[in-house]
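The structure under discussion appears below in the form of structure tokens.
Only the coordinates and a few stated rules stand behind these numbers; no lab work does. Predicted model, so just to flag it, every value in this text is computed and none were measured. Cβ placement follows ideal geometry from the backbone for every residue including glycine, while neighbour counts extend to all protein chains displayed.
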Amino acid sequence: MKNLAQKVGETLLQKGIKLATAESCTGGWVAQAVTAVPGSSGWFDCGFVSYSNTAKQKMLGVDLDVLERNGAVSESVVAQMAEGALHNSEADIAVAISGIAGPEGGTEDRPVGTVWLAWAITGHPTVTCLSFFNGDRDAIRQQAVEQALEGILAYLPQ
């Protein structure tokens, strides 16, 4: 993951783009991974850890009706999280993650390992992705962080 975070940093620095994160189930792990890279202050703006629905509303502007209707682990919520991180930061790109890392909390419709990710880029449509990860809580969270970082590289404007 260290090499991936470093590649993200090099790419963002080269493009003059700053990153913000909006994390739920990963608890700030994406922000930790990128700030472990020396010089990250040149391309990382801030991270929001919005674990509760109230935090998602207050910190990121996620609509209460959307939370109640769709649940926190949903495409619409994670898209609003990413867009809220952009709006409430100096960043040009934001990644958001909301999921069920377990071991409890899964349902038939949303089993443990269900993770929604979104990337919001200034001037571009927000991109969302639904993933299903396997393993224990740490493994699910680590896979989500890796996908978040890979998505940053994939969705940056060329």
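Using 0.36 nm times the number of residues separating Gln158 and Thr35, minus their current alpha carbon distance, what extension gain do you get?
Values: separation 123, 0.36 × 123 = 44.28 nm, distance 2.39 nm.
Using 0.36 nm per residue and subtracting the Cα-Cα distance, I get 41.9 nm.
Between Asn88 and Asp63, what length in nm is gained on full extension when 0.36 nm per residue of separation is reduced by their alpha carbon distance?
On the way: separation 25, 0.36 × 25 = 9.00 nm, distance 1.50 nm.
Length gained between Asn88 and Asp63: 7.5 nm.
So, counting K/R as plus one and D/E as minus one, what does the shell of residues with Cβ under 9 Å around Val112 add up to? All intermediate terms of the calculation are to be shown ahead of the outcome.
On the way: positive: Arg110, Arg137; negative: Glu104.
Surrounding charge for Val112 is +1.
Given a Förster distance of 22 angstrom, what is the FRET efficiency for Leu130 paired with Asn53, based on the Cβ-Cβ distance and rounded to 0.05? It would help to have the intermediate numbers written out before the result.
On the way: r = 20 Å, r/R0 = 0.89.
The formula returns an efficiency of 0.65 here.
So if R0 is 25 Å, what FRET efficiency would Cys46 and Met1 give, r being the distance between their Cβ atoms, rounded to the nearest 0.05? Write out the running numbers ahead of the final one.
Details: r = 20 Å, r/R0 = 0.81.
The pair Cys46/Met1 has a calculated efficiency of 0.80.
Summing -39500 (n - 2.57) over the DSSP H runs of n ≥ 4 in the chain and dividing by its residue number, what mean residue ellipticity at 222 nm do you reach, to the nearest 500 deg cm²/dmol? Show your work: numbers first, answer last.
Working: 6 runs with 68 residues, N = 158.
Mean residue ellipticity at 222 nm (helix-derived): -13000 deg cm²/dmol.
Quote the charge dipole size of the chain about the Cα centre in Debye, to the nearest 20; the model charges only the Cβ of Lys and Arg (+1) and of Asp and Glu (-1).
Details: 10 positive and 17 negative charges, 69 e Å.
Using only the charged Cβ atoms, the result is roughly 340 debye.
From the backbone phi of region 133-139, what are the Karplus-calculated ³J(HN,Hα) couplings (6.51 cos²θ - 1.76 cosθ + 1.60, θ = phi - 60°) in whole Hz, Gly and Pro given as x?
So the J values, rounded to whole Hz, are 10, 10, x, 7, 3, 5, 5.
Grab the other residues whose beta carbon is less than 14 angstrom from that of Gly71, score K and R as +1, D and E as -1, and report the net.
Numbers: positive: Lys56, Arg69, Arg110; negative: Asp63, Asp65, Glu68, Glu75, Glu108, Asp109.
Here the count lands on -3.
Need the full-extension length gain, Glu150 to Thr122, defined as separation in residues times 0.36 nm minus the C-alpha distance. One decimal, nm. Show your work: numbers first, answer last.
Working: separation 28, 0.36 × 28 = 10.08 nm, distance 1.82 nm.
Residue separation times 0.36 nm, minus the Cα-Cα distance, leaves 8.3 nm.
Taking the Cα centre of the chain as the origin and placing charges on Cβ (Lys, Arg +1; Asp, Glu -1), which of Gly61, Ala96, Leu153 is farthest toward the positive end of the dipole?
Leu153
For region 2-155, what is the percent of antiparallel DSSP beta bridges, rounded to the nearest 5?
Working: 13 of 23 bridges.
Just about 55 percent of them are antiparallel.
So what's the net charge close to Asp45: Lys and Arg +1, Asp and Glu -1, counting the other residues with Cβ under 10 Å from its Cβ?
Values: positive: Lys18; negative: Glu90, Asp92.
With Lys, Arg at +1 and Asp, Glu at -1, the net is -1.
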